[in-house]
Structures are given as C-alpha cells and as structure tokens.
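Working notes for the structure below.
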Amino acid sequence: MTLEKILAEGVLSALKALYDADVAPDAVQLQETRKEFAGDFTVVVFPFLRASKKLPEATAQELGDWLKANVPAVGQFNVVKGFLNISVSPDFWLSTLADIEATPEFGITRPGPDAELVMVEYSSPNTNKPLHLGHVRNNLLGYSLACILAANGKKVVKTNIVNDRGIHICKSMLAWQKWGEGATPESTGKKGDHLIGDFYVLFDKKYREELAALKEQGMTDEQAEASAPLMLEAREMLRKWEAGDPEVRALWSMMNQWVYAGFDQTYKALGVDFDKIYYESETYLEGKDIVLQGLKEGKMYRKEDGSVWADLTAEGLDHKLLLRSDGTSVYMTQDIGTAKQRYEDFPIDRMVYVVGNEQNYHFKVLSILLDRLGFKFGKDLVHFSYGMVELPAGKMKSREGTVVDADDLIASMVADAREAAGNHFDSMTPEEAAEVCRMVGLGALKYFLLKVDPRKNMLFNPAESIDFNGNTGPFLQYTYARIRSLLRNAAEKGVELTPLGAEKALPNVKEATLIRKIASLPGVVKEAADGFSPALVANYAYDLAKEYNQYYHDYPVMKEEDVEARNLRLHVASETARTLRTALSLLGIEVPERM
C-alpha cells in the first residue's frame, strides 16, 4: 500500500472515530506540503466541517491528534488555518527502506496467469534500405514500452512486421539485376541492408535520368512518369512476384535474406528484440481475401476500373482504397490480414502499434475497417503515436544524403563516449574500456530519445546527450557506478552492510526524501504503463540520481564516524543504485559497474 493511501485511509478512519462520519474516499484531498511549510503531506479539512461541526483549525487539530496516536506513519503535524500538514515518521521511512530491501524485484510486478496480454508492434522496416534515425526512436520506444508494460504485470508479446514485398523491393531487385554484377554482402564487405539500400538509391538515380530524358523529348511530368521504362519494369516485376514467378521469387528471397541479416545486427547493437516477426509477404493475401469477402457482403464497393474501396464518410472520413485496379494490395489491406493472423496466433487483449504520428489517419481507418469487417478487436487497438526526431543540420552525414543511418549513428555515439571520457578509462583493460564506451554511448542515445514526451517532435543533439553532467544517460550511469564504487570501497575497508536492527539511526530529512523517492518507483511504472510514456521512467531516474548526488555531497558516507548512521547511509546508497538500475533497465539502458 502506498504512503498516500495509508494516510488517506487514516483520515477516513479518524473521521469515523471522531465524528461517526462515513465520508467518500474522494473527499480526502491529500497534497504535497508546500515548501514554505513544515510537513510532507497536507490534508484539506474544509470538506469535513459539516461532519465535525467545528472551526477548521479545531477540526484539523483533532484529526492530527488522532492520526498521530493511531497511524504509525504519522510523526508530527501542524495546523495552518484549514490545512493539516503531516510529517511522516522517521521510523516509517526506516521500515519502508527495510521492506524495499526485502523485495527482490522491487518496482516490478510479474504477470499472473490471468494477466492481460498486450502485443506491442514496433520497428516495421522496409527491406529496401537500412534502418535510420526514425527507426531508432521507434525501436527504443517500442522496446521500452514493452518492458514497462511487462513490469506492470502484463503479459507482453513483442512483434515486428517486415514490409518485405511491394514496389520498393522490386526497385532494388531490378537495379541489382541490371547493374549489380552479382554483388553480395560477402563480395562487397557490406552489411546486406546497406548493399540493398545502395541499389534502391541507384534505381532512383537511373529513374530520374529517364524522366529527365523523356521530358526533354516534350513529355509532361505525368506522361514521363507513365512511360519511364524502369518503373514499368519494376511494376511488371511486382506483378510477376504476386503471380509466383519462380525466378523473381528466388531473387527476392536471396536479397531479403541479406537484409534480414543486416537488420539483426542493428537490432542486436540497439539491444532490442522480438518474440514474433510477421512478414507482409505472408499476410497480404489473407487481407485481400478478407476485403473481397467484405465486398461480397456489401461492406465495400468496386469502381468501374476494378479497384475496391471503403466508404468512410459516415464516420467523418473519406473513401479509402483497399485493392488497386490490377488487384494488388495496399498497406491497409495488408494490415487487416496481419491483424487477423495475430489474433489467431495469440489471445491478445490489447494491440499496440508503435508508429509515428504521420500515420494517425491510417490507424483511425484501420480501427474502423476491422470493426466493420466483424473483428471485435478493431475498436480496442491502440496507436502509440509519437513525434519525429531530427538531428541538428550538419552534425552527422547520411549514407543517402537524406536520412541518418542507424549503424552510423550507433558507431558515432560510441566514439563520442570514448572521446568524452578522456583518460577516465585508462585504468581499465582495452576490452573493459570498449564495453563501457559501448554502454555509455548507447545509454546516451537511448536516454536522450526516451526522456522526451514521445508525442512531441524532438531534436536529438549527440554532443548534448553524451555530457556526464545534467539530464543525460551518462550522468545516470555515472551515478550508479559511483555508488557501486562506494560500496566496494566500504567492503575493502571492512565496512559491511549490517541489517537495520532495533538499535539504529533514524533517517534525516535528506534520507527520508531519498527513501520516499525510491518507494515511488512502482507508482511511476504504473503511470508510465497506463499513459504509454517511457519518459516518466526516464525523468524519475534523473530526479532520483540528482537527489542522491546532492545527498552524497551533504552527507559523505565514509567520513561518518557514527557506525549506525554510516550503516544507514550505505543502505540508502545501495537501494538508490538498485532502483536506478531497475528504472534504466526499463529503458533498455545498461549500467557499468565502474566508470
């Protein structure tokens, strides 16, 4: 039970005992005490005057007396007009710390047999190019959200949908056929996703050259686009793929395997994974069949050119294309098929799509169509819509000139961590220093991207993110490593943690503040899960680290001569480190034991 609930229930019991009043729980207004007054929590007593039939000051005094006598958490209190300011007992904070220590996975709630099953979809790459900065934010948000939901007692299935079919991959395939000269990842020394991305860029270059030549011959933009041989060949290749042409399918399979291997390397470097991967090539036909069945049932309509549409004007939207005139599927149709397959594979209670806010309309339509087609889960799907992320102009070069490659970004962050560390790692072996640089570089990247409200657009500044001071991942990692160093130093000097026994020092104000902050972790995890916001956990971790560093400055542990006071400080330090590690793990951030 949280402290706030203990106090609120205490107030209700006091009202019953003093005035025989049964008061609704929501009538108890509990607030944090303003800084200019003594106390931790403030109770507003005005709603209880009808029951007490006394002045506000007298009512507050009687409530305070009763609470101090009957609720162990209440230490002292003071009355300011109609407000009762409660100071929590140091004994309560000590017992709270002991309870936290006795809880192996404090802050984490494991799912029970009847827990809600939530599927979280993230990443969703195309197999025609490497992952980029936008994918990095998507993966980190999705993975962190899955961790937070799991820590809040949900069963979680992490899933990915790979866009492995369509005109985009045909462009890369055609370019490889024409100009690849048999290039492979092995022969070129390139990751497979980068190799295929190069051919996608080459197709676009050659296509633009064709368009320019056709327009020089007098064609309009529309005529040139309709006549460009490369695009016509790519579309023909797509039709052959959908018809199951063996040669096209073999080429597609070979090139996609190169890309999958490249993606796996990037996912491993980012520290994200999936429980189940779906491929559009395996779901788009099912979506097509569902749409055609809906057409038969009058839920869709066909135009004269053979294309199939859904009329959404009754829902305040427009008309949505579901099948092109040549019978090929669009993304919406594929998502319908994928959704059906997922619900057949898992007993999903809630489906969460982690996709950027430029797809808000798409998921609004998907929800409506799934519901219209008879799938009960349609209305319940959640679009975790997040904002875009950009880099300051000129800070990093892009492989394609338009987007920042994920692999380049990761390598750059690790290199920046090494440079920022200076000679701090000189006492480490080269292998240990390299591992710490990897943790710090990735920690800087992850924390900077996750500390911002996910719904907002953001600017990612690599130089700012790697700072060892301020609201950054390296600052949190350094705080953890500093505490671990303190605990090792204490052990080396023969100072070991002893249990918090009957003869003990009581927490001072700073220690009580830290214990209270540590104790609030479960509530933060719940709020982050309910609100789909890893930023709440990130900012909690920063507040905890900042509070501890100020405490450590004011109360040096090893200089304390009182044995019991020093022991208490070591306990506070140890639980601060453990809580930091737990919070950061929910963001996918590793913590080094020393820095």
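The values are calculated or read from the model by the stated rules, or taken from the named source; none is laboratory data. Because the structure is predicted, anything quoted here is derived from the model rather than measured. As a convention, Cβ positions derive from the backbone with ideal geometry for all residues, glycine included, and neighbour counts pool all protein chains shown. Note: accessible area is taken over every heavy atom of the protein model, side chains too, but ligands, DNA and RNA are not part of it. Shrake-Rupley method; radii C 1.70, N 1.55, O 1.52, S 1.80 Å.
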I need every pair where a residue in segment 291-303 that is touching a residue at least 24 places away in the same chain (Cβ under 8 Å) and open to solvent by less than 60 Å² (accessible area, probe 1.4 Å) has its Cβ under 8 Å from the Cβ of a residue that is in a helix (DSSP H, G or I) and among the hydrophobic types (A, V, I, L, M, F, W, C), sequence separation at least 6 or different chains. Val291/Ile336
Taking only pairs six or more apart or across chains, which ones have beta-carbon atoms under 8 Å, a first residue in segment 26-43 that is in contact (Cβ under 8 Å) with a residue 24 or more places away in the chain and closer than 15 Å to Asn78 by Cβ, and a second residue that is among the acidic types (Asp, Glu) and surrounded by fewer than 13 Cβ atoms within 10 Å (Cβ to Cβ)? Asp40/Glu32; Phe41/Glu32; Thr42/Glu32
When you scan segment 554-575, do you find a residue that is open to solvent by 30 Å² or more (accessible area, probe 1.4 Å), under 27 Å from Val118 (Cα atoms) and not in a loop (DSSP other than H, G, I, E, B), even just one? no
Determine the pairs where a residue that is at pLDDT 95 or above, located within segment 442-460, has a partner that is of a type in the set (Asp, Glu) and open to solvent by 10 Å² or more (accessible area, probe 1.4 Å) with Cβ atoms under 7 Å apart, the partner being 6 or more residues away or on another chain. Gly443/Glu590
Any residue in segment 404-424 that is open to solvent by 30 Å² or more (accessible area, probe 1.4 Å) sitting within a Cβ distance under 9 Å of a residue that is hydroxyl-bearing (Ser, Thr, Tyr) and assigned to a loop (DSSP other than H, G, I, E, B)? List the pairs, counting only those 6 or more apart or interchain. Asp408/Ser398
Where Phe203 falls short, out of the listed (1) within 30 Å of Leu442 (Cβ to Cβ); (2) crowded, with 20+ Cβ neighbours inside 10 Å; (3) touching a helix residue (DSSP H, G or I) at 6+ places or on another chain (Cβ under 8 Å): (1)
Cβ-Cβ under 9 Å pairs, at least 6 apart or on other chains, segment 64-84 side within 13 Å of Val45 (Cβ to Cβ) and touching a residue at least 40 places away in the same chain (Cβ under 8 Å), far side in a helix (DSSP H, G or I) and among the charged types (D, E, K, R): Val80/Glu57
Pairs with Cβ under 7 Å, 6+ apart, first in segment 321-341 and closer than 15 Å to Ile368 by Cβ, second of a type in the set (Phe, Trp, Tyr) and modelled with pLDDT of 95 or more: Leu321/Trp309; Leu322/Trp309
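With Gly470, Gly441 as the choices, which residue is within 30 Å of Val352 (Cβ to Cβ) and either small (Gly, Ala, Ser) or assigned to a loop (DSSP other than H, G, I, E, B) (or both)? Walk me through how you get there before you give the answer.
Values: Gly470 fails: within 30 Å of Val352 (Cβ to Cβ).
Gly441 is the lone residue from the list that is within 30 Å of Val352 (Cβ to Cβ) and either small (Gly, Ala, Ser) or assigned to a loop (DSSP other than H, G, I, E, B) (or both).
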Kindly indicate which of Leu211, Leu285 is under 39 Å from the mean Cα position of the chain (by Cα) and farther than 29 Å from Asp407 by Cβ. Leu285
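Given the options Ala528, Ala481, Ala444, Ala519, name the one that is small (Gly, Ala, Ser), farther than 30 Å from Arg418 by Cβ and open to solvent by less than 30 Å² (accessible area, probe 1.4 Å).
Working: Ala481 fails: farther than 30 Å from Arg418 by Cβ; Ala444 fails: farther than 30 Å from Arg418 by Cβ; Ala519 fails: open to solvent by less than 30 Å² (accessible area, probe 1.4 Å).
Ala528 is the lone residue from the list that is small (Gly, Ala, Ser), farther than 30 Å from Arg418 by Cβ and open to solvent by less than 30 Å² (accessible area, probe 1.4 Å).
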For segment 279-289, indicate whether the set of residues that are aliphatic (A, V, I, L, M), open to solvent by 50 Å² or more (accessible area, probe 1.4 Å) and more than 30 Å from Lys191 (Cβ to Cβ) is non-empty. yes
Subset of segment 40-63 [within 30 Å of Asn508 (Cβ to Cβ) and open to solvent by less than 30 Å² (accessible area, probe 1.4 Å)]: Phe41, Thr42, Val43, Val44, Val45, Ala60, Leu63
Residue check, Leu94 against (1) open to solvent by less than 40 Å² (accessible area, probe 1.4 Å); (2) modelled with pLDDT of 95 or more; (3) of a type in the set (A, V, I, L, M), all met but one. Which one? (2)
